[in-house]
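Let me begin by presenting the structure, written as structure tokens, before commenting on it.
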Amino acid sequence: MKKIIILLITLFPMSLYAQRQEFVIEGSFVKKDMDGKVHYNYNERGINVADSTPVINGRFEFKGKVSGIQRAYFTFKPTRATDIKQAWRDSKSIYIEPGSFKIVAKDSISTARVVGSAINSAYESFMAPLEVIAKERKPLWDEYVKIKAADRKVLPRAAELKAKIDETTIKREELLKAYVRSHPKSYFSIEAITELMGPYVVVEKVDELWGTLDPELKESYNGKIINAVILGSKATDVGSRAPVFAQPDTSGKIVKLKDIKGKYVLVDFWASWCHPCRAENPNVLKAYNAYKTKNFTVVGISIDFEKDKGKWIKAIKDDGMPWTQLLSPANIDGGAMKAYGIHAIPSNFLVDPNGIIIAKNLQGPELQKKLEELFN
């Protein structure tokens, strides 16, 4: 199974990020002697947003500003907690949006009720049928992962479990599709579409569904995120002309795709902090060394933030990557990352000497096989 990192960042102008609106959250514990802090965090444009507040006489309050709807993780940490890991497990996913709502807990955040929030009520309705599938899937998956990888290909029970797991996947997909069709104005239709299109954005799976959504939902903060991803993916379909870019290299010199003429080019998106990317780098290096004399090269494009430029350069050196390396920070508007609709890393695009994309997202043996077909 390929390991990837799905990016929780936006791909459109920073001005939208500035359009933040106020929210107020009032919380209470039934047990008035609860002593500690409530924390929350969420990811917005690749930036971690976090806050905490003390619980006083069983009550707490948060005030802040938010762009659109954000899924946040709330945690209660008792002051006298001896098992810190256990304390941090008292958590719950709660959606924050402009406006106000209440969190009512007995003695735990994980079992708390959210009151007066339309988005969180909608979330419960959205999740209810999916949780039924999740409960059906869990024992099958738990048993399957206990079987050694080598045995999964030969044991009849492994094949049986895999077939049943695949059935639950299909059931979940059908539920998601049905939800979108029956809830064209719901924010969770966007979440359903996001899951259906997958980390590498298979537009064919969601194009028709996306067209059924209410125009106002598409124009929402979160709707524009997904629309940018879909448009970027369409622009990089196999057979399309590779989007142009102009990004700085490690010395600050601007390099353009058109500067690399007459070669097969692997445009490889990665980041210094991305473990799956770093694990894939030796495979890319193997391909580069095998075919660099046969009209083939690599252009690495990191999405590290500008402030992490030192970490980016160190990673290049540590992983021994001799090819051209460019920077397209994830938190900067425009650039190669937006042009290519990057939604997950590692991602790559194989471009022929005429500038046409002939393959995408080739990792491991798939990359070696494709290059062997081209050059041997």
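The values are calculated or read from the model by the stated rules, or taken from the named source; none is laboratory data. Since this is a predicted model, take the numbers as computed values, not measurements. A quick note on method: Cβ atoms are made from the backbone with ideal geometry, for glycine too, and the neighbour counts reach across all protein chains shown. Just so you know, the surface numbers come from the protein's heavy atoms only, side chains and all, with ligands and any DNA or RNA stripped out. Shrake-Rupley method; radii C 1.70, N 1.55, O 1.52, S 1.80 Å.
Side notes on the structure shown:
- Nearest 10 degrees, 0 to 90: helix 309-318 Cα axis against the chain principal axis: 50 degrees
- Rolling a 1.4 Å probe across all protein chains gives His39 an accessible area of roughly 50 Å².
- Interchain or long-range residues, amide H under 5 Å from Ser240's placed H: Ile357
- Accessible-area value, Thr169, 1.4 Å probe, nucleic acids and ligands omitted, Å²: 50 Å²
- Measuring against 30 Å, Cα to Cα, the residue pairs Lys63/Lys171; Lys218/Lys338; Lys205/Lys261; Lys146/Lys314; Lys146/Lys171; Lys148/Lys205 contain Lys63/Lys171; Lys205/Lys261; Lys146/Lys314; Lys148/Lys205 as the ones spanning a longer distance.
- Alpha-carbon gyration tensor eigenvalues x 5, square-rooted, for the range 178-234, Å: 16, 13, 9
- The range 74-180 shape via C-alpha gyration tensor axes, a/c threshold 1.5: oblate
- Sequence of Ile254, Ile358 from largest to smallest accessible area, 1.4 Å probe: Ile254, Ile358
- Net +/- balance of residues flanking Glu97 in space, Cβ distance below 12 Å, scoring K and R +1, D and E -1: +2
- Three-way shape call for the chain based on the alpha-carbon gyration tensor, with the a/c threshold at 1.5: prolate
- Under 5 Å, built H, 5+ apart or other chain: amide partners of Gly58: Met34
- Close amide-amide hydrogen proximity is noted between Val299 and Leu266, Val267, Asp268, each under 5 Å apart and 5 or more residues distant or on a separate chain (H modeled in the peptide plane; Pro and chain starts excluded).
- Per-residue 3J(HN,Hα) values for the range 183-189, derived from phi via the Karplus relation 6.51 cos²θ - 1.76 cosθ + 1.60 with θ = phi - 60°, read 9, x, 10, 7, 4, 6, 5 Hz in sequence order (x marks Gly and Pro).
- Accessible area of the chain belonging to carbon and sulfur atoms, whole % at 1.4 Å probe: 54 percent
- Each DSSP beta bridge with both residues in the chain is either parallel or antiparallel, and the antiparallel ones are about 75%.
- Using θ = phi - 60° in the Karplus curve 6.51 cos²θ - 1.76 cosθ + 1.60, the 3J(HN,Hα) couplings for the range 162-175 round to 4, 5, 5, 5, 4, 5, 5, 5, 5, 4, 5, 4, 5, 5 Hz; x is entered for Gly and Pro.
- Based on protein heavy atoms only, the chain ends up with 51 Å² per residue of surface accessible to a 1.4 Å probe.
- Degrees separating the helix 275-291 axis from the principal Cα axis of the chain, which is the longest one: 10 degrees
- Between 0 and 90°, nearest 10: helix 365-375 axis offset from the chain longest Cα axis: 20 degrees
- Largest accessible area first, the listed residues Asp237, Asp249 line up as Asp237, Asp249 when surface is computed with a 1.4 Å probe on the assembled protein chains.
- Shape of the range 245-311, Cα gyration tensor, a/c cut at 1.5: oblate
- Of the beta bridges in the range 257-363, as assigned by DSSP with both residues counted there, near 40 percent are antiparallel.
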